[in-house]
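Worksheet: the structure to be examined is printed underneath.
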Amino acid sequence: MPGSEHDLCAVSELAPPALRRFSLRDGIEVAAVRVEDRVFAFDARCPHRGGPLDRGFVRPDLVAGAPEALRARKDAPVVICPWHHWEFSLDSGTPTFEAGACLRVYRTRVVADRVLVDTARTARG
């Protein structure tokens, strides 16, 4: 869709693990974060109850390992809402442990050290 790609900021302005909020020209509010060499952009409001995801935090997804042990998947970051601690995959937007609404996660790309986000294209499609 023409005009759906937005220039958010320089990559260096996304200092891990801090989340930043951006108001785009089409009225969309997005949050963005850099995790190692990847940049993620997603709706700034939690789909559960509208919590401010830019005030949440990001960590690796946790998966069951040996009995009573958890293993961190550094290649699979999640964002956690500060209000009710709902967790969403930054790769797909799916909630990690509760059935419910998915978080809209947008496609991003870096061009000449600038972070571009396409609000017409989600990470899943």
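The values are calculated or read from the model by the stated rules, or taken from the named source; none is laboratory data. In this text the structure is predicted, and so the values were computed from the model without any measurement. When we count neighbours, we look across all protein chains shown, and the Cβ atoms used for this are built from the backbone with ideal geometry, even at glycine.
Which of the following residues is modelled with pLDDT of 95 or more, closer than 14 Å to His6 by Cα and exposed (fewer than 12 other Cβ atoms within 10 Å of the Cβ): Val111, Val115? Explain how you work it out, then say what you get.
Working: Val115 fails: exposed (fewer than 12 other Cβ atoms within 10 Å of the Cβ).
Step by step, each of Val111, Val115 is checked, and only Val111 is modelled with pLDDT of 95 or more, closer than 14 Å to His6 by Cα and exposed (fewer than 12 other Cβ atoms within 10 Å of the Cβ).
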Next on the checklist: So the check is Cβ under 8 Å with 6+ separation or different chains; which pairs have a first residue in the stretch 47-63 that's surrounded by fewer than 17 Cβ atoms within 10 Å (Cβ to Cβ) and a second one that's modelled with pLDDT of 95 or more and among the basic types (Lys, Arg)?
Outcome noted: Pro52/Arg21; Pro52/Arg45
Next on the checklist: Just to verify a result, which residue in the stretch 32-66, among those that are in contact with a helix residue (DSSP H, G or I) (Cβ under 9 Å, 6 or more places away or on another chain) and assigned to a loop (DSSP other than H, G, I, E, B), is farthest from Gly93 (Cα to Cα)?
Outcome noted: Ala44
Item to check | Selection within the stretch 1-30 - touching a Ser or Thr at 6+ places or on another chain (Cβ under 9 Å), charged (D, E, K, R) and modelled with pLDDT of 90 or more | outcome: Glu5, Glu29
Next on the checklist: Any residue at all in the stretch 90-102 that's under 25 Å from Ala15 (Cα atoms), at pLDDT 90 or above, outside any loop (DSSP other than H, G, I, E, B) and out of contact with any Asp or Glu (no Cβ under 9 Å at 6 or more places or on another chain)?
Outcome noted: no
